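*Asks:* Here it is: the structure, laid out below.
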Amino acid sequence: MHATKEINRAVGMPFLVASNGGLKRALSTRHLVTFAIFGVAFGYIIPSNTTLLRLGPLSVLLGYVISGTVLYAFLVSLGEMISLLPVIGGPIHLAQRFVDPAFGFMLGWTWWYVWTISFASALVSAPSLVFFWDPVTPWAWITIAWFIAFAINMFGVKTFGEAQFSVGMLRLIFAFILIIVGLVIDLGGAPNHDRIGFRYWKDRPPVIEYAGSSIGIGRLASIWINITQTLLAFTLSEITAITAPEVKNPQQSIPFVIKRVYPALFFFYLIGIFISTLINPPVIFLNSSSPLIIAYVFHSPFIDVIDLANLTSSISASVAGLRGLPSVINAVFIMVQLSTMSLNLYMASRDLHAMGCLGFAPRIFGNTLKNGTPHAAVIFTSLFGAFAYMAITARSASAFSWIVLTTSAPSYLILVGILVTYLRFYSGTKAQSLTRENFPMFSRLQPYAAWYALVLSLLVAIFFEFPFLLNSPWDTVTFVTTYLAFPSMLVLYAGAKFWFRAPFVRAKDMDFITGTEGFKGDDDLEALRMNDIDKK
């Protein structure tokens, strides 16, 4: 069931897909809210305890806030495009429409690589989480997690959406509980009755000098590291765009989620992060026999503090019921990680399906089942989950860590590519005298918000690893794997440019019509649509 393909020779497009490529519009607003929960909170329920200990509480807060402003600027840019044009492939489709086909090709394959490797990386966490309770055979739990993520994606987008909704709501409730528990502990309500207050902020510098850096520069390096890590976690918010062709009413749902839900969740989790900085001591001493040593892989301040409270007064903790809470937290971790695995597979497979429809990948990937599942894309992408087995042995684990490292820079560069697409989109609206105020989503911050997010994302992509490289012995392998994305993406672009031989899309030739059939809000756009029909 291939999507309808129209050749637009006027602007050199390989294909402009008017339909949704056989996908089913089965997701509602509540499902998008769930995806927003993952997009904003990806690094919150499992926050970095190591970061708190090494860089300081204020660094964590500033990193989250600054990255949050970039996230919002990015989302209002993406939302304006995708709510007007909820087409398959989202940013990949729009990149070839508003920049040129080679740009869409480059962005599409980079996106697929990042989320495919992220899927394999998420599978690696399965043995560690289960090992919290009892030693297990790693390959067995990787296989089980792999099968669950694959099955969720093959049962159709409705099943996928409901699974994500269930875990998302659980995650939101659980985050609220952690905030309350953290506040109670901080105010002295734990079994040890130790009132912490702001003691741990006073026992260490709010911004700790990054190791090996000079005074002043070291503090900036600490804040910079937090910005890069948090922004990397926020890249999951791109799912808002890739789900657009499977949302029932994207012109209303997407603006609501971006303008209302994302900011509310951001401030909610900001409170949680602030409380985690209050209750996390400068040094964590865990009993070597504690099962939480295994959970320390995920470095959660909440888990550590709860465990410390239990070790301090085991009898009182048992009465209070806190001794079982770490196991409950770990069970939630497992559900969240399984959900993240299926989400990564969804992102990669939908991208591959879109490229199959757009002519950027073999056409077989554009096929779908009756339930709307792009089965060929899901099956092919899921095969790369086998990379997770590399993490089992020490020798191959190093190679796998290098592979994972190659996805960092591309993640930032995808943000850059989407923002470049928006600025071209913005130029097109000006050139064609379209009234943006009448679009489903509109922001008066544009184009300044897009430029702000673009510049900071590009700086992060270039310099995100510099603090580590400058304060460590030179490692050629690490440097190459870190910055391999730059020449790789240039090669992809140059090769696609040669293959498609399509010029840059001029602002006056940009297509704002195909894919807007469900939108009737802009008289200027409607006039363009009628003129296009007359020309045909």
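The values are calculated or read from the model by the stated rules, or taken from the named source; none is laboratory data. Bear in mind the structure is a predicted one, so any value in this text is a computation, not a measurement. Note that each Cβ is placed from the backbone with ideal geometry, even for glycine, and that neighbours are counted across all protein chains shown. Note: accessible area is taken over every heavy atom of the protein model, side chains too, but ligands, DNA and RNA are not part of it. Shrake-Rupley method; radii C 1.70, N 1.55, O 1.52, S 1.80 Å.
*Asks:* At 1.4 Å probe size, with no ligands or nucleic acids counted, give the accessible surface of E162 in Å², nearest ten.
*Replies:* 60
*Asks:* Order S457, S488, most accessible first, counting only protein heavy atoms with a 1.4 angstrom probe.
*Replies:* Details: S457 0, S488 50 Å².
Order by accessible area, largest first: S488, S457.
*Asks:* Can you pull the one-decimal nm distance between simple spin-label points at W139 and F256, each 7 Å off the Cα toward Cβ?
*Replies:* With each label point 7 Å from Cα toward Cβ, the separation is 4.9 nm.
*Asks:* Working out 0.36 nm times the residue gap between S28 and L459, then minus their Cα-Cα distance, what length gain in nm do you get to one decimal? Walk me through the intermediate numbers first.
*Replies:* Values: separation 431, 0.36 × 431 = 155.16 nm, distance 3.59 nm.
My answer for the length gained is 151.6 nm.
*Asks:* So, one more: On the protein heavy atoms, probe 1.4 angstrom, tell me the percent of accessible surface of region 154-276 carried by carbon and sulfur.
*Replies:* 70
*Asks:* How far, in nm, would the chain grow between K158 and N371 when pulled straight, counting 0.36 nm per residue and subtracting the alpha carbon separation?
*Replies:* Value of the extension gain: 75.8 nm.
*Asks:* For the pair R501 and R54, how long in nm is the line joining their label points, each one 7 Å along Cα→Cβ?
*Replies:* 5.1
*Asks:* Rounded to the nearest 0.05, what FRET efficiency do R444 and R199 have when you use their Cβ-Cβ distance and R0 = 51 Å?
*Replies:* Values: r = 44 Å, r/R0 = 0.86.
Efficiency, rounded to the nearest 0.05: 0.70.
*Asks:* Using the structure shown, list the pairs from K24/K259; K24/K370; K24/K158; K24/K248; K158/K248 with a Cα-Cα distance above 18 Å, or answer none.
*Replies:* K24/K259
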